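A short write-up of the structure that comes next.
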Amino acid sequence: METKNKHTRELLPEKTNGIIELFFEFAQLKNLYRQGWLKRGVSKLDCETVADHSFSVALLGYILAEEYRPDLDSNRIMKLGLFHEIGEIYAGDITPKDSVSTEDKTQKEFQGVQKEFQGVQKVFSILPNSEKYLNLWLDFENQTSLEAKFVKQIDRLEMALQANLYERLNYKNLDEFFPYVQERINSPELKSILESLLKIR
């Protein structure tokens, strides 16, 4: 798993104020490259981090809900966007292209979810209201609410937007991302944005 440095939590050698510890946990998302882009030849200099991605999903989600989906809770959408990758602090950024045989797939997926869950529990365990934050992450993982379902689709749309940004920076071999996203978006508002993006590629 490619990162800018060693795990950021390891840089804080002793127990201290809980918010300081929490910052060093979250900082790992700024340290962790989005592995799929590296595998497609995007340089480390240009490669977004998981934190970059989470920020984009949260901001896009909030604005899209405010502008097009008044039936949804835009504040919850923003929170879900910020929290949706917290599990990667310890599990890392696993991509669909990571080699997993068919027979191992179910087991690895289960182990991955377990590892993420344990990581998220660990991150928030220092807070008095840890369940509140864990439940936000679980909402996204389990796709419980309408807001979580919308954020999942924004997560996909953001990937297509980022792929197009990389194409404009002259990176090649990113064609596969667009049909992948097309198959996974059913929100009319997001489909319309994706269609507009495909027209200007």
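Observations
- Highest GNM mean-square fluctuation among G119, G18, G61, for the chain modelled with Cα contacts below 10 Å: G18.
- With 29 Å as the limit, the listed pairs K39/K115; K15/K149; K115/K172; K30/K79; K39/K199 have K15/K149; K115/K172 beyond it between alpha carbons.
- Residues I63 and M1, FRET efficiency given R0 of 30 Å [Cβ-Cβ distance, rounded to 0.05]: 0.45
- The alpha carbon centroids of segment 111-152 and segment 1-60 are separated by 18 Å.
No value in this document is a laboratory result; all are computed from the given coordinates. Predicted model, so just to flag it, every value in this text is computed and none were measured. Methodologically, a virtual Cβ is constructed for each residue, glycine included, from the backbone with ideal geometry; neighbour enumeration extends over all protein chains shown.
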